[in-house]
Amino acid sequence: MLDKLALILVIIGGLNWGLVGLLEFDLVAFLFGGSASLLSRIVYVLVAIGAIWCISLLFRDRTEDRPGSDI
């Protein structure tokens, strides 16, 4: 469950950075009242925590999470 939540947060962050890079438009800042607003900063921190969590996905054994994958 945490893996999927972290992945969703990283996807949100990646899409937001894509918008910033392509269109100079920060969707998170737009939605939550500017990049310095408390809500925007919370979203940015959650995306960062999600990215840190996703680093652990690189070092996990893929078969341990899937029941029946040892067949």
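Bear in mind that the values in this text are calculations on the coordinates, not laboratory data. Model, not experiment: these values are computed from the prediction. Heads up, the Cβs are rebuilt from the backbone with ideal geometry, glycines too, and the neighbour counts pull from every protein chain shown.
A compact table of results
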| read-out | value |
| --- | --- |
| Assigned charges on the beta-carbon of Lys, Arg, Asp, Glu; the chain dipole about Cα centre (debye) | 100 debye |
| Option label - Cα Rg over 2.2 N^0.38 Å computed here, alternatives (1) 1.06; (2) 1.46; (3) 1.40 | (3) |
| Computed helical MRE - 222 nm, the chain, DSSP H runs ≥ 4 contributing -39500 (n - 2.57), nearest 500 | -21500 deg cm²/dmol |
| Relative contact order of the chain, defined on C-alpha pairs under 8 angstrom at six or more residues apart (%) | 35 percent |
| Principal-axis tilt of helix 38-55 within the chain, Cα atoms, nearest 10 degrees | 30 degrees |
| Gain on full stretching of the segment that runs from residue 55 to residue 25 - 0.36 nm per residue minus C-alpha separation | 8.1 nm |
